[in-house]
Amino acid sequence: MIKQEFLKELEKALCGLPDDDIQKSLEFYSEMIDDKIEDGLSEEDAVSQIGNIEDIAKQILSDIPITKLVKQKIKPKRSMGAGEIILLILGSPIWLSLIIALVAVVFSIYVALWSVIISLYAVSASLLVCGVAGVLSFVGFSILGNAVPGAFIAGAGLVCLGLAIFMFIVSNLVTKALVWLSKKIWLGIKSSFIRRGENNEKI
C-alpha cells in the first residue's frame, strides 16, 4: 500500500469524527510516512510500519474528548423554532430524568463490579496474612515443644498461601477483563456520537 492509499483508507476509517481531528490525523501520519521515507525506507515499507488502519482509527477516537463528540452530535443543523424550544423545555422533566436515571444505573453497576474486584483482592490479602501467620506459628510451637500442632497449623498456613496466590491471579485476570470491557464500552459510547451519514457523503 502506498502513502495516498493509506491516507484515503484512514480517512474512510475516521469518517464521522470532527473534520479538524481528521485533518490533523491525516497530516500527522503523512509526515510520519515522509520521515520514514527520508530515513531510507520505501513508500510501501514506510506505510507497513505505521500499523493497522483499524487500530489507528480506534486509538484516534479514544483520544478525542467525549465532550467534543457530544457537542458535534447535538449541534443543530438549523436554528430551532420557538415551538421546538418550548416543547424541549416542557419535556425536560421527562427526558432529563430518564438520562439521569440511566447514568445512575450504569454508574451503580460499574461501581458494584469494581467492589467485587476489591473484595477479591481483600480476600487474597487476608489469606496471605493467615498463611504467613500459620507458617511462622510453627516456629513458636516448635520452641514450646508442640511440634505436631505446629506442623498442622503450618500446613494450614501453606494452604492459605496457595489460595492467596490463586486468588491474586484470579483478581488480576478479572481486573484486566473489566478494564478491557470498560475501554470497549467507552469506545462504543464515543462511537455512538459520530454522525457517520454526513461524513460518508463527503468521502
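The values are calculated or read from the model by the stated rules, or taken from the named source; none is laboratory data. Keep in mind that what you see is a predicted model, and the values were worked out from it rather than measured. Glycine also receives a Cβ, built like all others from the backbone with ideal geometry; neighbour counts cover every protein chain displayed.
Which residues, taken from the stretch 157-168, are of a type in the set (A, V, I, L, M, F, W, C) and surrounded by fewer than 15 Cβ atoms within 10 Å (Cβ to Cβ)?
So the first thing to find is which residues in the stretch 157-168 are of a type in the set (A, V, I, L, M, F, W, C), and the list is 158-161, 163-168.
Of everything in the stretch 157-168, those that are of a type in the set (A, V, I, L, M, F, W, C) and surrounded by fewer than 15 Cβ atoms within 10 Å (Cβ to Cβ) turn out to be LEU158, VAL159, ILE165, PHE166.
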key: Condition broken by GLY145, with the remaining ones in (1) surrounded by 10 or more Cβ atoms within 10 Å (Cβ to Cβ); (2) at pLDDT below 85; (3) in the same structural domain as ALA164 (by TED's automatic domain parsing) satisfied   = (1)
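Picking from ILE85, ILE109, which residue would you name as being assigned to a helix (DSSP H, G or I) and modelled with pLDDT under 85?
Working: ILE109 fails: modelled with pLDDT under 85.
Result of the check over ILE85, ILE109: ILE85.
Return yes when LYS202 is at pLDDT below 80 and under 30 Å from PRO65 (Cα atoms) and no when it is not.
On the way: at pLDDT below 80: yes; under 30 Å from PRO65 (Cα atoms): yes.
It is true that LYS202 is at pLDDT below 80 and under 30 Å from PRO65 (Cα atoms).
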key: Residue list for the stretch 107-137, filter: free of Cβ contacts under 8 Å to residues at least 24 places away in the same chain and over 21 Å from PHE152 (Cα atoms)   = PHE107, SER108, ILE109, VAL111, ALA112, SER115, ILE118, SER119, ALA122
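Please state which one of GLY91, GLY140, GLY145 is at positive phi and free of Cβ contacts under 8 Å to residues at least 12 places away in the same chain. Steps first, please.
Values: GLY91 fails: at positive phi; GLY140 fails: at positive phi.
Criteria check complete, one pass: GLY145.
Restricting to the stretch 17-27, give me the number of residues that are surrounded by fewer than 19 Cβ atoms within 10 Å (Cβ to Cβ) and modelled with pLDDT under 85. Let's see the steps before the verdict.
Step one: of the stretch 17-27, the residues surrounded by fewer than 19 Cβ atoms within 10 Å (Cβ to Cβ) are 18-21, 23-24, 26-27.
Going one step further and asking which of them are modelled with pLDDT under 85, we end up with 18-21.
Within the stretch 17-27, residues that are surrounded by fewer than 19 Cβ atoms within 10 Å (Cβ to Cβ) and modelled with pLDDT under 85 number 4.
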query = Just one of SER79, SER92, SER126, SER42 is more than 27 Å from the chain's Cα centre (by Cα), modelled with pLDDT under 80 and surrounded by 10 or more Cβ atoms within 10 Å (Cβ to Cβ); which is it?
reply = SER92
